[in-house]
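Asks: First, the structure itself, so that you have it in front of you.
Read-outs throughout are calculated quantities, based only on the coordinates presented, and are distinct from any laboratory measurement. Model, not experiment: these values are computed from the prediction. Here Cβ is always computed from backbone atoms with ideal geometry, including for glycine, and neighbour counts include all displayed protein chains.
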């Protein structure tokens, strides 16, 4: 799978799209990311900014309430690409990661539960990225997960596939 060399993550509290990728990292279980294509979204990928040096948890489906959870598709099997950033840049209201290196790929079967579950991938060691120069030089270790939908638990009403949250435990 090919990914763009740079990915921009926006640091804003309120983005205009309710079902944007930001929704799966906003620590709000009443919001969710939706793949937004016709059908079940098989093969669609979303990027989640997490620290792969620590355990990760995922909340599949639309966690706002049980009715919406059952109405929409939930990922059943996902393929997780663990990516390490080799570049970190800072903008006025965002930061940019780039020069990604693949650390591993894992196919994971998920439970069909309306709540958090552990994302069973190994912990990874990341290389530091130097930012700045001289006495002001800082070092960051940055990673993202690319989560691909492989199969779904079918929703009772809608074919949209949603993920509520992906975060460190």
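Asks: Normalised by the number of residues in segment 54-110, what is the relative contact order in percent for Cα pairs under 8 Å and 6+ residues apart?
Replies: Details: 72 pairs, mean separation 18.2, N = 57.
32 percent.
Asks: By what distance, in whole Å, do the Cα atoms of segment 74-169 stretch along each of the three principal axes, largest value first?
Replies: 58, 29, 23
Asks: Something else: Between residue 127 and residue 94, with labels modelled 7 Å along Cα→Cβ, what's the label distance in nm to one decimal, could you check?
Replies: Rounded to a tenth, the inter-label distance reads 2.6 nm.
Asks: Using the number of other C-beta atoms within 10 angstrom as an exposure proxy, rank 133, 23 with the fewest first.
Replies: Details: 133 7, 23 21.
Final ranking by Cβ density, sparse to dense: 133, 23.
Asks: With N denoting the number of residues in the chain, provide Rg(C-alpha) divided by 2.2 N^0.38 Å, to two decimal places. Don't skip to the end; give the middle numbers.
Replies: Details: Rg = 16.3 Å, N = 169, 2.2 N^0.38 = 15.5 Å.
Cα-based Rg divided by the globular estimate yields 1.06.
Asks: Return the calculated 222 nm mean residue ellipticity for the chain, to the nearest 500 deg cm²/dmol, obtained by summing -39500 (n - 2.57) across DSSP H runs with n ≥ 4 and dividing by the residue count.
Replies: Mean residue ellipticity, 222 nm, calculated: -1000 deg cm²/dmol.
Asks: Relative to the compact-globule scaling 2.2 N^0.38 Å, provide the ratio for the alpha-carbon radius of gyration of segment 35-101. Mind showing how you got there, number by number?
Replies: On the way: Rg = 15.5 Å, N = 67, 2.2 N^0.38 = 10.9 Å.
Rounded to two decimals, the normalised Rg is 1.43.
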